[in-house]
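Each remark here refers to the structure printed beneath this line.
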Amino acid sequence: MSIPPGPPPSHEPYPQQGPYGRPGQPAPYGGPPQGWYAPQAPQKNNALAIVAFVMSLVCAIPLVPLILGIVALSQIRKRGEKGKGFAVAAIAIHGATIAFYGILLVLGLSGALDDGASPKRDTSGQVTGSGSVKVSDIRKGDCFNTNGDLAEYQDEDGGEASFSVRVVPCDQPHEGEAYAVFNLDNGTYPGTEKVTAMAEEKCAGTLLTDYVGKDPKLAEKLEVYYYFPQAATWALGDREVTCFLGDTSGASTGSARATGS
C-alpha cells in the first residue's frame, strides 16, 4: 500500500515575521499594538503657588506669601507640577512690598517724609507758627494735629499713630496737647505690655495734675493718650514717651495748662 504523493513543494520563501504582529494584533511579549501610544496624564497646578500669588496681592501678613512661594517652588520641582510662574511672581511681589514699606519706615523715622517747614518758636519755646515735626520732637506744651489719626486712637494702651504731627499755636484748633515728655530706662526692649504699663503709670500720675491742676470739668472733657517706643524704634535708640491730652469731642482751642504750671 502506498501513500499518495503530497502537493508539490513550493519554491516561494516563507514570509518573515517582523518585530511586531499584524496591525491590531498584540506585539510580542505583551507590548502595545503597533501605532498605539499611552496618553500622558495632564500636569496639575500647584495649589500652594496659586495661594501664595493671591496672598501677595491682597494679604498684608508679612513674609507669609514669600515663604509659601518658596515652598511651592520646592514642591513643583519634586512633583513636576505647573505653577512656577505663580510662585516666582508671589516671591517677587511680596519681596518688593516688604522693601517698599521698609523704605517708608526709614524715611519716616528720619523725618524725610515730614511735610512743610518746622514750626516757629519764640525765645521761651512756645509755638508761634505752625509746622511739622517728628513725634519724637514734640515738646511739653506743644499743641498739635495728628492728621486724623487721633480719631482712631481709642485704645487705652496707646500707640504710635503716625511718624509726624503738625504743631500749631494753642490758640488755633488742635487735637492734642503734650503735657509731659520723658525717657524710659535703657536695656533690652521689655515688650509692648510692659512699656505701655510704665507709660500709663507715669502719664496718669502727678505729671498730669502738675500740668492741668485738679479741674474736674477738664478731666471729663479730655482724655489721656501717649506715644511710646515700638520694638522697631527701640532698636534705633528710641526711649521717649510723650503724654498728651486729646479732646474727645474733636478739635479744641486754648491750652489746658493751669496758670503758673
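Within the stretch 234-256, the residues that satisfy the criterion of being modelled with pLDDT of 80 or more and surrounded by fewer than 18 Cβ atoms within 10 Å (Cβ to Cβ) are Ala235, Leu236, Gly237, Arg239, Glu240, Ala251, Thr253, Gly254.
Of the residues contained in the stretch 109-124, one or more are found to be hydrophobic (A, V, I, L, M, F, W, C), surrounded by fewer than 16 Cβ atoms within 10 Å (Cβ to Cβ), at pLDDT 70 or above and part of a loop (DSSP other than H, G, I, E, B).
The values are calculated or read from the model by the stated rules, or taken from the named source; none is laboratory data. Worth saying up front: this structure is predicted, and the values here are computed from it rather than measured. Cβ atoms come from the backbone with ideal geometry, glycine included; neighbour counts cover every protein chain shown.
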